[in-house]
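A.B. asks: Can you keep this structure in mind? I'll have questions shortly.
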Amino acid sequence: MTSSRTAGSRGKWLVSGPPLLYLIIFFAIPTLIMLAASFRTPGEFGGLAPLVDETGKLDVNLESYARFFTEPVYFEVFLKSVVYALVTTFCCLLLAYPLATLIARSAQRYRDLLLLLVILPFWSNFLIRVYAWMIILGPNAALAKGVNGVLGLVGIAPVPLLFSSFAVLVCLVYVHLPFMVLPLYANLEKHDQALLDAAQDLGANAWQRFWRITFPLSLPGVYAGAALVFIPALGIFAIPDILGGPNDTLIGNLIKQQFLETRDWPFGSVLSIVLTLAALALAGIAAWVAKRHADAGGTIDA
Amino acid sequence: MALLEIQGVTRRFGDFTAVDDVSLSIEAGEFFTLLGPSGCGKTTLLRMIAGFDLPDGGRILLRGEDLASQPPEARPVRTVFQSYALFPHMTVEGNIAFPLRMAKASQDEIRSKVAGALDDVRLGGFGRRFPHELSGGQKQRVAIARALVTQPTVLLLDEPLAALDAKLREDMQIELIDMQKQAGITFVYVTHDQTEALALSHRIAVMNKGKVEQMDEPSRIYGFPKTRFVADFIGHCNLFSGPVTANNEGIVAVDVPGLGSVSVRADTDVRPGAPGTIALRPEKIRIESAGTATTGNRCRGKVAELLYMGDVTVYKVATADGSRVEALLANSQSGRAKFFEVGDDVEMGWAVDAGHFIAA
């Protein structure tokens, strides 16, 4: 018995070892390096100042943290990023739900084609797709001309579509939409038609069937999609860089600036850590709400 | 006037006619069963009564009112689905409260009716459980409680016991009979299991290929099948076919290959020369040692196979031309396990009244 258990645990390590090693090298160690860097002093020409200064004192401090929490501009950028990510998640959910429902309910022979169309954008480069929006939203494109033409009719001055929060949000939603569609589809596709028949038989109209049966049962898909959209949307920098206006600096841009332009690694690390913790905290809150919802679900008091 | 009238209902799927000009009338308070093999159209008919499907022809009337314009949620009809279809994200209480909530019942009414419904199906104390925490029989009872809690006019049951094991099925059959009696609600029950249909129903409609072959009380269906299909589908039955040779004031003689002339009482006006079939239940045949049979029809053969079933033994006896006759003997008499062995010469006998004549 002991020997078989040893053999079993050896097999377990053989299987889980390589991915674990991968996570340690490429996730745990870099995170720890970043955590360590956040307590250091920035170097004169970028990078980090020596850990032990000329006087022989250990140079670790909380100055970068102090900077984040005392200068409100950083917190404002951070808050703005959260709002952009939440709006993106919400818009993706609104667009993806009907689309995922349509795919899940279409005949088997069309499903693969429709799913292929959903993931087709991934076949071209991310940056190219973002640049494409510069053309679509550009001042000489049909979209801007049409919108401003209508606005002109009602006497409103023309608005630029490009280099605006609108452009950033449209592109954020566009880029992240497949990440919402796929988990939602995977969930909705498994739904049992008999449950909807039963609900209808018991007196539920189309809206009640959706709200009482389909939607609550799709919540795992909604949460998965929301996490897959919210977390990357929170840290994005390329889209505001390319399509945003001067007020569309997000936390991702700030982090990129600290590492590549200002070359203040400790402060960049602080921003990254705050971003990671915020993403974790929001995911935790969402999971907690989901669990409470599930526990209370369907009792007569609910 | 019957409670539920099905008048000439037809439903086609492409070239396939699932339900073919079916007319039935079901009385209030009746336990009515649609019985037939899979694909006979019984479930399609049930779905049309529930409203999930619409007839291509004919009408379905409830209390004289055509249901065609009412969607399923508006019909005073509830269904118990084969898969139970309990809502997995709701507790037992939540499931049973669902139809009450859809009917906009008050919170107090919901509370008292749910509690009453749970007691009715002996599930008091299970209200806070989720469906995945219940056994098959308990799920079944929740599904029935949920369907009955709003006092529907008709309850439709689509093979509700098919997923249960044999012992539990028998218990649930008795419970179903009790519930139906207690609730006084008309049950329309769909099954392919003939013993279930015989045990539960007030009346049975036997369906085959979209048509109703026979509609009658269980004992009439079993004892006096109108067609070859019904005789064969309900229980075991020997079917002897051949030309009618004589009709002597209600006693018809049929010339059956391998058996010779077999007489049977028939109240039909059949002429000699017409084709006929005699349906004869295995338990109606006396099986004795060769040379001892006395009255009525008799026929010799050799035991070819026997199946010991515990309470009875089934003998398959080969006749002169090699065709098989099935006979059944209760093992209770004299306590012996079996009376004959394979290869024994036996004589079978049955009274003229034992069989049942089917024209054609």
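A.B. asks: When region A:185-198 is examined, which residues are found to be of a type in the set (D, E, K, R) and either assigned to a helix (DSSP H, G or I) or in contact with a Ser or Thr (Cβ under 6 Å, 6 or more places away or on another chain) (or both)? I'd like the intermediate steps shown before the answer.
C.D. replies: So in region A:185-198, the residues of a type in the set (D, E, K, R) come out as A:189-190, A:192, A:197.
Of everything in region A:185-198, just one residue is of a type in the set (D, E, K, R) and either assigned to a helix (DSSP H, G or I) or in contact with a Ser or Thr (Cβ under 6 Å, 6 or more places away or on another chain) (or both), namely A:D197.
A.B. asks: Kindly indicate which of B:A231, B:A205, B:A246, B:A197 is surrounded by 20 or more Cβ atoms within 10 Å (Cβ to Cβ) and outside any helix (DSSP H, G or I). Give the derivation first.
C.D. replies: Working: B:A231 fails: outside any helix (DSSP H, G or I); B:A246 fails: surrounded by 20 or more Cβ atoms within 10 Å (Cβ to Cβ); B:A197 fails: outside any helix (DSSP H, G or I).
After ruling out the rest, the residue left standing is B:A205.
A.B. asks: Take the residues in region B:42-98 that are among the acidic types (D, E) and more than 30 Å from B:D108 (Cα to Cα), then tell me which one is nearest to the other protein chains (Cβ to nearest Cβ). Spell out the reasoning first.
C.D. replies: First, the residues of region B:42-98 that are among the acidic types (D, E): B:53, B:56, B:65-66, B:73, B:93.
Next, only the ones that are more than 30 Å from B:D108 (Cα to Cα) stay: B:53, B:56, B:65-66.
Numbers: B:D53: 11, B:D56: 20, B:E65: 18, B:D66: 19 Å.
Across region B:42-98, the extreme among qualifying residues is B:D53.
A.B. asks: Looking for something at pLDDT 90 or above, among the charged types (D, E, K, R) and more than 19 Å from A:I239 (Cβ to Cβ) - is there at least one such residue anywhere in region A:110-123?
C.D. replies: yes
A.B. asks: Just checking, does region B:64-73 include any residue being polar (S, T, N, Q) and at pLDDT 95 or above? Spell out the reasoning first.
C.D. replies: So in region B:64-73, the residues polar (S, T, N, Q) come out as B:69-70.
Next, from what is left, pick out any that are at pLDDT 95 or above: none.
No: zero hits.
A.B. asks: When you check A:L162 against the structure, is it in contact (Cβ under 8 Å) with a residue 24 or more places away in the chain and either within 9 Å of chain B (Cβ to nearest Cβ) or on the phi > 0 side of the Ramachandran plot (or both), yes or no? Steps first, answer last, please.
C.D. replies: Numbers: in contact (Cβ under 8 Å) with a residue 24 or more places away in the chain: yes; either within 9 Å of chain B (Cβ to nearest Cβ) or on the phi > 0 side of the Ramachandran plot (or both): no.
Spelling it out, it is not the case that A:L162 is in contact (Cβ under 8 Å) with a residue 24 or more places away in the chain and either within 9 Å of chain B (Cβ to nearest Cβ) or on the phi > 0 side of the Ramachandran plot (or both).
A.B. asks: Report, ordered by the first and then the second residue, all pairs with beta carbons closer than 6 Å, sequence separation of six or more or different chains, a first member in region B:144-157 that is of a type in the set (S, T, Y), and a second member that is assigned to a helix (DSSP H, G or I).
C.D. replies: Filtered contacts from region B:144-157: B:T150/B:P99.
A.B. asks: Consider A:L184 carefully, then state whether it is closer than 21 Å to A:H293 by Cα and in contact (Cβ under 8 Å) with a residue 12 or more places away in the chain.
C.D. replies: Values: closer than 21 Å to A:H293 by Cα: yes; in contact (Cβ under 8 Å) with a residue 12 or more places away in the chain: yes.
Yes, satisfied.
A.B. asks: B:R122 - would you say it is within 14 Å of chain A (Cβ to nearest Cβ) and either more than 21 Å from the chain's Cα centre (by Cα) or over 20 Å from B:Q82 (Cα atoms) (or both)? It would help to see each step written out before you state the result.
C.D. replies: Numbers: within 14 Å of chain A (Cβ to nearest Cβ): no; either more than 21 Å from the chain's Cα centre (by Cα) or over 20 Å from B:Q82 (Cα atoms) (or both): yes.
Taking the combined requirement at face value, the residue does not satisfy it.
A.B. asks: Taking region A:59-102 as the region of interest, how many residues are of a type in the set (S, T, N, Q) and more than 21 Å from A:A283 (Cα to Cα)? Quick ask: steps written out before the conclusion?
C.D. replies: Filtering region A:59-102 for residues of a type in the set (S, T, N, Q) gives A:61, A:64, A:70, A:81, A:88-89, A:101.
Filter once more, keeping what is more than 21 Å from A:A283 (Cα to Cα): A:61, A:64, A:70, A:101.
The total comes to 4.
A.B. asks: Is it fair to say A:D201 is in contact with a Ser or Thr (Cβ under 6 Å, 6 or more places away or on another chain), within 14 Å of another protein chain (Cβ to nearest Cβ) and modelled with pLDDT of 90 or more?
C.D. replies: Values: in contact with a Ser or Thr (Cβ under 6 Å, 6 or more places away or on another chain): yes; within 14 Å of another protein chain (Cβ to nearest Cβ): yes; modelled with pLDDT of 90 or more: yes.
Yes.
A.B. asks: On the given criteria, is A:I273 β-branched (V, I, T), more than 14 Å from chain B (Cβ to nearest Cβ) and surrounded by 15 or more Cβ atoms within 10 Å (Cβ to Cβ)?
C.D. replies: Working: β-branched (V, I, T): yes; more than 14 Å from chain B (Cβ to nearest Cβ): yes; surrounded by 15 or more Cβ atoms within 10 Å (Cβ to Cβ): yes.
Judged against the criteria, A:I273 is a match.
A.B. asks: Still on this structure, please answer the following. Taking region B:125-145 as the search range and keeping residues that are in a loop (DSSP other than H, G, I, E, B) and more than 12 Å from chain A (Cβ to nearest Cβ), which one is farthest from B:A163 (Cα to Cα)?
C.D. replies: In this case the residue turns out to be B:G125.
A.B. asks: Right, something else. Give the residues of region B:167-196 that are of a type outside the set (A, V, I, L, M), in contact with a strand residue (DSSP E or B) (Cβ under 9 Å, 6 or more places away or on another chain) and within 17 Å of B:R78 (Cβ to Cβ), sorted by residue number.
C.D. replies: Those that are of a type outside the set (A, V, I, L, M), in contact with a strand residue (DSSP E or B) (Cβ under 9 Å, 6 or more places away or on another chain) and within 17 Å of B:R78 (Cβ to Cβ): B:Q180, B:T186, B:F187, B:Y189.
A.B. asks: Can you name the number of the only condition in (1) away from chain A (no Cβ under 13 Å); (2) under 22 Å from A:L196 (Cα atoms); (3) in contact with a helix residue (DSSP H, G or I) (Cβ under 7 Å, 6 or more places away or on another chain); (4) modelled with pLDDT under 95 that B:V188 fails?
C.D. replies: Failed condition: (4).
A.B. asks: Can you confirm whether B:F233 is under 30 Å from B:F13 (Cα atoms) and either touching a residue at least 12 places away in the same chain (Cβ under 8 Å) or in contact with a Leu (Cβ under 7 Å, 6 or more places away or on another chain) (or both)?
C.D. replies: Values: under 30 Å from B:F13 (Cα atoms): yes; either touching a residue at least 12 places away in the same chain (Cβ under 8 Å) or in contact with a Leu (Cβ under 7 Å, 6 or more places away or on another chain) (or both): yes.
Here the answer is yes, as B:F233 does meet what is asked.
A.B. asks: Considering only region B:214-228, state which residues are in contact (Cβ under 8 Å) with a residue 40 or more places away in the chain and assigned to a strand (DSSP E or B).
C.D. replies: B:M215
A.B. asks: Could you run through region B:320-350 and say how many residues are assigned to a loop (DSSP other than H, G, I, E, B), surrounded by 15 or more Cβ atoms within 10 Å (Cβ to Cβ) and at pLDDT 80 or above?
C.D. replies: Looking only at region B:320-350, we keep the residues that are assigned to a loop (DSSP other than H, G, I, E, B), and these are B:320-323, B:331-332, B:336-344.
Going one step further and asking which of them are surrounded by 15 or more Cβ atoms within 10 Å (Cβ to Cβ), we end up with B:323, B:331, B:339-340, B:344.
Keeping just the survivors that are at pLDDT 80 or above gives B:323, B:340, B:344.
Of the residues in region B:320-350, 3 are assigned to a loop (DSSP other than H, G, I, E, B), surrounded by 15 or more Cβ atoms within 10 Å (Cβ to Cβ) and at pLDDT 80 or above.
A.B. asks: Among the listed residues A:L143, A:L120, A:L102, A:L182, which satisfies the condition of being within 30 Å of B:G51 (Cα to Cα), of a type in the set (A, V, I, L, M, F, W, C) and assigned to a helix (DSSP H, G or I)? Don't jump to the end; show me each part of the working.
C.D. replies: On the way: A:L143 fails: within 30 Å of B:G51 (Cα to Cα); A:L120 fails: within 30 Å of B:G51 (Cα to Cα); A:L182 fails: within 30 Å of B:G51 (Cα to Cα).
Going through A:L143, A:L120, A:L102, A:L182 in turn, just one is within 30 Å of B:G51 (Cα to Cα), of a type in the set (A, V, I, L, M, F, W, C) and assigned to a helix (DSSP H, G or I): A:L102.
A.B. asks: Here's something else I'd like to know. Which of the helices (runs of 4 or more DSSP H) contained wholly in region A:206-302 include at least 1 residues that are among the basic types (K, R), at positive phi and at pLDDT 90 or above? Walk me through how you get there before you give the answer.
C.D. replies: Working: elements: A:206-209, A:215-235, A:238-243, A:251-256, A:265-296.
Answer list for region A:206-302: none.
A.B. asks: Can you tell me which of (1) modelled with pLDDT under 95; (2) buried (at least 18 other Cβ atoms within 10 Å of the Cβ) is the one B:I174 doesn't meet?
C.D. replies: Result: B:I174 passes all but (2).
A.B. asks: Looking at (1) modelled with pLDDT of 85 or more; (2) surrounded by fewer than 15 Cβ atoms within 10 Å (Cβ to Cβ); (3) part of a loop (DSSP other than H, G, I, E, B), which is the one condition that is false for B:D267?
C.D. replies: Against the list (1) modelled with pLDDT of 85 or more; (2) surrounded by fewer than 15 Cβ atoms within 10 Å (Cβ to Cβ); (3) part of a loop (DSSP other than H, G, I, E, B), B:D267 comes up short only on (1).
A.B. asks: While we're on this one: Whether any residue in region B:153-164 is of a type outside the set (F, W, Y), within 14 Å of chain A (Cβ to nearest Cβ), in a loop (DSSP other than H, G, I, E, B) and more than 19 Å from B:S38 (Cα to Cα) is what I want to check.
C.D. replies: yes
The values are calculated or read from the model by the stated rules, or taken from the named source; none is laboratory data. Predicted model, so just to flag it, every value in this text is computed and none were measured. So basically every Cβ, Gly included, is an ideal-geometry build from the backbone, and we count neighbours across all protein chains shown.
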